[in-house]
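Student: Here it is: the structure, laid out below.
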Amino acid sequence: MPESELESLKSRGRIVVVGASLAGLRAAETLREKGFKGTLTMIGDEPYEPYDRPPLSKQVLLGMARAEDTALPRRRDIEAEWRLGVPASGLDMAGRRVKLADGDEVPYDRLLIATGVRARPWPNEAEGELDGVFVLRTRADGAGLARRLEAGPRRVLVIGAGFTGSEIASACRERGLEVTVAERADAPLVGALGGVVGAVAAEMHREHGVDLRTGVMVTRLEGDAGGRVRAAHLSDGAVVECDVVVVCLGAQRNTEWLAGSGLGAGPRGIACDAGCRAFGITGIVTDDIYVAGDVARSPHPLFGYQFLSLEHWGNAVSQAETAAHNMLSDSAGRRPHIWVPAFWSSQFGVNIKSVGVPTMGTEIMITQGSPAERRFAGVYGYQGRIIGAVTFDNARWLDFYQRQIEATAPFPPEFSNVDRRPEGGRPVPADFPDPSVPTHGPTVTLSGYSPADRRMTFTPARN
Amino acid sequence: MKQGILSQILDYANRANPYPLYEELRRTPVFHDGEGPYVVSTYHEIHGLLHDPRLSSDTRNRGAAAGDPLAGQEEGEGQLPPSFLKLDPPEHDRLRRMTNRPFGPPHSPRRIDGMREELRSIVKGLIDGLADGRGGSVGGDGIDLVEQFSYPFPVTMICRLLGVPREDEARFHVWADTLAASLDPDPDADAEQREKVTSSARMELGMYLAGLIEERRKNPGDDMLSQLAAGHGQGETMSTMELLSTAALLLIAGHETTVNLITNGMLTLLRHPDVLERLRREPRLAVPLVEELLRYEPPVQLLPQRTPLSDIEVCGVTIPKGAPMWLVLAAGNRDPQRFENPDRFDPDRKDVQHLGLGSGIHSCFGAPLARLEAQLALSELARRLHNPRLLDDPPPYRQNAVLRGPRHLMIACDDVRP
């Protein structure tokens, strides 16, 4: 019997992975685990082998670990050819080649794009180049900021109180540094977790001595004669004197290198189907190009088939594994990426975890513990179902809430449970700044445990 | 009529090998025969329930008419308030958090690792002691590994951990033995007499600990009891009664389970001589081996004290509020839906996320210590016993179906290496 295309791919095909970070590495390991024997090329713009980013805003800033020591543990040898320190600069879909910035071209039979995101820079380029102004995304960023904190600045200004900004503020306080946090919204974390939880986060900042300014924007960074940042001007007229500024304004997707390639890539990421196959600009799915990690946008059946782009560590791992599996499978053997979103943060001594899509929630109900004690679990409701959950120092229960989300369990929850407090008796508005929710739609529930037997049950909407 | 499956599981005749019964049980993931407890035996369902806030660990939430054949088996805490094992949040969290402070990370990350040398020297002493009564060519009736090794090891460790002075350790052993025996009642013995002995041991131990706590409050050392007694500000301190409950919990829960883990481990190794030989050559195998052991022969077979606070549905069965439940960890650990070849003992198993130490907020408090004790004990036994063999297979078991393990493990060996 002649060898099938898939068999020849497995035995001597060429797979190229663009993006040598968490998603790229885990995909490569999964490919080898699943018996891929051909050539594997890892392309990365940073000169380092894959490393882990979460410690950069935590242990590294506390001086407990060095940025250089964050290499990701390897699950197995991947026998890859590494092209590190050279970014990919283009893609020839017809010719199946990745172009590199040094002029080289790498041909592929299957391509995985995992180029991730980068920190959004300060919009004023000259101000952003002042000495003492940082972003935090890469190992080099982490090492540079850690060195500067070690030197004992008089005041650190963190612009943006999302997770990264809050973690940096927390690390500064733990090191005894004065820190001001400027946030455009009314509280930290509101974009991810809403105003109810944001209010708790704001109290945590203030209790730990952070000078938290909300409802303000930084309008200008001012340097001294030596080109060092010395102050920031806020929209309320205040001036904050500081010698370190960390710009934490979210991320931008690394898709520019794909411009003109014909792939459906843009500022919001690269659209792909639930099996991680990239869409072309035609809206037609490709057969040989896959996407995983922060740069991907894929439809999730559990959340109204919205295209979710998730900057979550666990998503990168799961999507990479699914993409790798599907790259080596025929159409009947492919699996959907139906990972339920989840993330964690550690700040001001509290472990924050979340599952589902809290931002879709219109209401929140505290089901366990008490926000005043900084130990609680809350569930988010959307159109009568549980859509997300958050825990502060209560992470061991999260698995339960994930199952509730997967089963589209009713909201508000009707059950009694341990540690239900009087304030947990009724739902309150979740208070997201801009609740952009889709219209009434069908629901899908997930069942099964192993990736191979996970199933969806589709329940059409009633009119 | 055929004996009900739960009675069969509790029947001493099936103690040596309950696994075929568990296999039968798993065919009905939520088993309920009308009067008894709701018994959950499949991995994913147990795992889900261990993280389910609708389940209480406080048996005071049980309905009055709850019919549970394991109900009323006290765990030696007597008149003390419930320990955190039997409490729900927030009390559970408060007590466990305070107990953890002098025990593990983040505040005491080096406590367990710092005991490594002490563990090693206790193991060494006990194995040296085996040389005197060894079986085989030198004569004698063989070694009872339970009496001579598995039993004294953890109780000595608990003494050192709590800070019981060396000169009192012997008394402590006697009380611990008596309380352990009460967990494992001999059905033929005089129940009244036994209860008398048990309650007097419990009383004496309580008095002793209370005195020790007083002493440690005056002259604190770096032991756990001193640090627990001292409290640590933040408005969190344990009352003396809570402290006694906690100390009793650490003693009872940290003792019997570890005895069984080590004994089950040696029994399993002697039944798999190839693995024993590998362990002798590669002591580092002990780490994955103990994990597989916790899956294959868990010292706690089932959790009998969960109670739902609401009606909950599991696998299509509604378990009513207040009904007694059993979560059969040992059955979940052999669920073929979760583990490939579940009845095979395979220390190389990569995906070994067992239920042997529970999961969720009540997951085994002493896990890091138990793991280290078992790893050191088994690797040292493997290294030092020359040509060890089982004299009695299956060995006689304890009565207890929950904390299951051999009562004696008679072995022989040709020599004890230095």
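Student: Checking B:Gly72 against (1) modelled with pLDDT of 95 or more; (2) surrounded by fewer than 17 Cβ atoms within 10 Å (Cβ to Cβ); (3) of a type in the set (Gly, Ala, Ser); (4) under 21 Å from the mean Cα position of the chain (by Cα), which single condition isn't satisfied?
Tutor: (1)
Student: Out of (1) closer than 25 Å to B:His92 by Cα; (2) surrounded by fewer than 20 Cβ atoms within 10 Å (Cβ to Cβ), the odd one out for B:Lys196 is which?
Tutor: Failed condition: (1).
Student: Here's something else I'd like to know. Read through the list (1) among the small types (Gly, Ala, Ser); (2) over 21 Å from B:Ala253 (Cβ atoms); (3) open to solvent by 20 Å² or more (accessible area, probe 1.4 Å), then give the number of the only condition that B:Gly366 fails.
Tutor: The single condition B:Gly366 does not satisfy is (2).
Student: Right, here's the next one. Among the numbered criteria (1) away from chain B (no Cβ under 12 Å); (2) of a type outside the set (Lys, Arg); (3) touching a Gly at 6+ places or on another chain (Cβ under 7 Å), which one does A:Ala389 miss?
Tutor: Status for A:Ala389: all satisfied but (1).
Student: If you don't mind, another one. Filter the range B:24-36 down to the residues that are in contact with a helix residue (DSSP H, G or I) (Cβ under 8 Å, 6 or more places away or on another chain) and either within 14 Å of chain A (Cβ to nearest Cβ) or modelled with pLDDT of 95 or more (or both) and list them by number.
Tutor: B:Glu24, B:Leu25, B:Arg26, B:Pro29, B:Val30, B:Phe31
Student: Going by what's in this entry, would B:Pro53 be described as at pLDDT 95 or above and in a loop (DSSP other than H, G, I, E, B)? Explain how you work it out, then say what you get.
Tutor: Numbers: at pLDDT 95 or above: yes; in a loop (DSSP other than H, G, I, E, B): yes.
Criteria met by B:Pro53.
Student: While we're on this one: If you take the residues of the range B:343-363 that are more than 13 Å from every other protein chain (Cβ to nearest Cβ) and open to solvent by 50 Å² or more (accessible area, probe 1.4 Å), which of them is farthest from B:Gly63 (Cα to Cα)?
Tutor: So, considering only residues that are more than 13 Å from every other protein chain (Cβ to nearest Cβ) and open to solvent by 50 Å² or more (accessible area, probe 1.4 Å), the one farthest from B:Gly63 (Cα to Cα) is B:Asp348.
Student: Something else now. Taking the stated definitions as given, is B:Ser379 within 14 Å of another protein chain (Cβ to nearest Cβ) and either open to solvent by 20 Å² or more (accessible area, probe 1.4 Å) or small (Gly, Ala, Ser) (or both)? Full working, then the answer.
Tutor: Numbers: within 14 Å of another protein chain (Cβ to nearest Cβ): no; either open to solvent by 20 Å² or more (accessible area, probe 1.4 Å) or small (Gly, Ala, Ser) (or both): yes.
It is false that B:Ser379 is within 14 Å of another protein chain (Cβ to nearest Cβ) and either open to solvent by 20 Å² or more (accessible area, probe 1.4 Å) or small (Gly, Ala, Ser) (or both).
Student: Condition test on A:Asp431, is it on the phi > 0 side of the Ramachandran plot, in a loop (DSSP other than H, G, I, E, B), surrounded by 19 or more Cβ atoms within 10 Å (Cβ to Cβ) and more than 11 Å from chain B (Cβ to nearest Cβ)?
Tutor: On the way: on the phi > 0 side of the Ramachandran plot: yes; in a loop (DSSP other than H, G, I, E, B): yes; surrounded by 19 or more Cβ atoms within 10 Å (Cβ to Cβ): yes; more than 11 Å from chain B (Cβ to nearest Cβ): yes.
Against the criterion (on the phi > 0 side of the Ramachandran plot, in a loop (DSSP other than H, G, I, E, B), surrounded by 19 or more Cβ atoms within 10 Å (Cβ to Cβ) and more than 11 Å from chain B (Cβ to nearest Cβ)), A:Asp431 qualifies.
Student: Oh, and also: Condition first: crowded, with 24+ Cβ neighbours inside 10 Å, closer than 28 Å to B:Arg94 by Cα, away from every other protein chain (no Cβ under 14 Å) and in contact with a helix residue (DSSP H, G or I) (Cβ under 7 Å, 6 or more places away or on another chain). Can you find one or more residues in the range A:311-320 that meet it?
Tutor: Scanning the range A:311-320, I find no residue that is crowded, with 24+ Cβ neighbours inside 10 Å, closer than 28 Å to B:Arg94 by Cα, away from every other protein chain (no Cβ under 14 Å) and in contact with a helix residue (DSSP H, G or I) (Cβ under 7 Å, 6 or more places away or on another chain), so the answer is no.
Student: Would you mind stating whether A:Ala126 is assigned to a loop (DSSP other than H, G, I, E, B) and open to solvent by 10 Å² or more (accessible area, probe 1.4 Å)? Steps first, please.
Tutor: On the way: assigned to a loop (DSSP other than H, G, I, E, B): no; open to solvent by 10 Å² or more (accessible area, probe 1.4 Å): yes.
Spelling it out, it is not the case that A:Ala126 is assigned to a loop (DSSP other than H, G, I, E, B) and open to solvent by 10 Å² or more (accessible area, probe 1.4 Å).
Student: For the range A:167-178, indicate whether the set of residues that are open to solvent by 20 Å² or more (accessible area, probe 1.4 Å) and either polar (S, T, N, Q) or assigned to a helix (DSSP H, G or I) (or both) is non-empty.
Tutor: Looking for residues that are open to solvent by 20 Å² or more (accessible area, probe 1.4 Å) and either polar (S, T, N, Q) or assigned to a helix (DSSP H, G or I) (or both), one finds at least one in the range A:167-178, hence yes.
Student: Let me ask something else about it. Answer yes or no: is there a residue in the range A:133-140 that is within 22 Å of A:Asp69 (Cβ to Cβ), of a type outside the set (Lys, Arg) and assigned to a strand (DSSP E or B).
Tutor: Yes, the range A:133-140 contains a residue that is within 22 Å of A:Asp69 (Cβ to Cβ), of a type outside the set (Lys, Arg) and assigned to a strand (DSSP E or B).
Student: Taking the options A:Phe348, A:Phe376, name whichever one is among the aromatic types (Phe, Trp, Tyr), at negative phi and within 14 Å of chain B (Cβ to nearest Cβ).
Tutor: Going through A:Phe348, A:Phe376 in turn, just one is among the aromatic types (Phe, Trp, Tyr), at negative phi and within 14 Å of chain B (Cβ to nearest Cβ): A:Phe376.
Student: Kindly evaluate A:Pro87 against the criterion of being open to solvent by 40 Å² or more (accessible area, probe 1.4 Å), closer than 30 Å to A:Gly144 by Cβ and in contact (Cβ under 8 Å) with a residue 12 or more places away in the chain. Break it down into steps so the answer makes sense when it comes.
Tutor: Numbers: open to solvent by 40 Å² or more (accessible area, probe 1.4 Å): yes; closer than 30 Å to A:Gly144 by Cβ: yes; in contact (Cβ under 8 Å) with a residue 12 or more places away in the chain: yes.
It is true that A:Pro87 is open to solvent by 40 Å² or more (accessible area, probe 1.4 Å), closer than 30 Å to A:Gly144 by Cβ and in contact (Cβ under 8 Å) with a residue 12 or more places away in the chain.
Student: Keeping to the range A:394-428, report how many residues are within 18 Å of A:Arg374 (Cα to Cα) and open to solvent by less than 40 Å² (accessible area, probe 1.4 Å).
Tutor: Here the count works out to 7.
Student: Looking only at the range B:308-342, how many residues end up being more than 14 Å from chain A (Cβ to nearest Cβ) and either acidic (Asp, Glu) or not in a loop (DSSP other than H, G, I, E, B) (or both)?
Tutor: Qualifying residue count, the range B:308-342: 7.
Student: Residues to consider are A:Val247, A:Val240, A:Val229; find the one that is open to solvent by less than 50 Å² (accessible area, probe 1.4 Å) and under 25 Å from the mean Cα position of the chain (by Cα).
Tutor: A:Val247
Student: Go through the range A:114-132 and give me each residue that's within 30 Å of A:Ala65 (Cα to Cα) and aliphatic (A, V, I, L, M).
Tutor: A:Ala114, A:Val117, A:Ala119, A:Leu130
Student: Right, next: Looking at (1) touching a strand residue (DSSP E or B) at 6+ places or on another chain (Cβ under 6 Å); (2) assigned to a loop (DSSP other than H, G, I, E, B), find the lone condition where A:Glu79 falls short.
Tutor: Here A:Glu79 clears every test but (1).
Student: Could I ask something else about it? In the range A:300-310, which residues are open to solvent by 20 Å² or more (accessible area, probe 1.4 Å) and among the aliphatic types (A, V, I, L, M)?
Tutor: Matches in the range A:300-310: A:Leu308, A:Leu310.
Student: For B:Val402, all conditions in the list (1) touching a residue at least 60 places away in the same chain (Cβ under 8 Å); (2) of a type outside the set (D, E, K, R); (3) over 24 Å from B:Phe84 (Cβ atoms) hold save one; what is the number of the exception?
Tutor: Failing condition for B:Val402: (3).
Student: If the requirement is being farther than 30 Å from A:Glu178 by Cα, surrounded by 16 or more Cβ atoms within 10 Å (Cβ to Cβ) and touching a residue at least 60 places away in the same chain (Cβ under 8 Å), which of these qualifies: A:Gly132, A:Gly116?
Tutor: Working: A:Gly132 fails: farther than 30 Å from A:Glu178 by Cα.
Of A:Gly132, A:Gly116, the one residue that is farther than 30 Å from A:Glu178 by Cα, surrounded by 16 or more Cβ atoms within 10 Å (Cβ to Cβ) and touching a residue at least 60 places away in the same chain (Cβ under 8 Å) is A:Gly116.
Student: To continue, here is another question. Suppose we filter A:Pro107, A:Pro55 for residues that are closer than 20 Å to A:Gly144 by Cβ, of a type outside the set (Lys, Arg) and at pLDDT 95 or above; which single one remains?
Tutor: Only one candidate passes the filter, namely A:Pro55.
Student: Related question: Give the range A:277-299 a look and list any residue that's surrounded by fewer than 24 Cβ atoms within 10 Å (Cβ to Cβ) and on the phi > 0 side of the Ramachandran plot, or say none.
Tutor: A:Gly283 - this is the single residue of the range A:277-299 that is surrounded by fewer than 24 Cβ atoms within 10 Å (Cβ to Cβ) and on the phi > 0 side of the Ramachandran plot.
Student: Across the range B:202-238, what is the number of residues that are without any contact (Cβ under 8 Å) to a residue 40 or more places away in the chain and over 26 Å from the mean Cα position of the chain (by Cα)?
Tutor: Number satisfying all stated conditions: 11.
Student: Just to be sure I understand, how many residues within the range A:374-393 are open to solvent by 10 Å² or more (accessible area, probe 1.4 Å) and polar (S, T, N, Q)?
Tutor: Selection size over the range A:374-393: 1.
The values are calculated or read from the model by the stated rules, or taken from the named source; none is laboratory data. Small disclaimer: the values here were computed from a predicted structure and weren't measured. Positions of Cβ are generated from backbone atoms using ideal geometry, with glycine treated the same way; all protein chains shown enter the neighbour counts. For the accessible areas, the whole protein counts, side chains as well, though only heavy atoms, and no ligand, DNA or RNA atoms are used. Shrake-Rupley method; radii C 1.70, N 1.55, O 1.52, S 1.80 Å.
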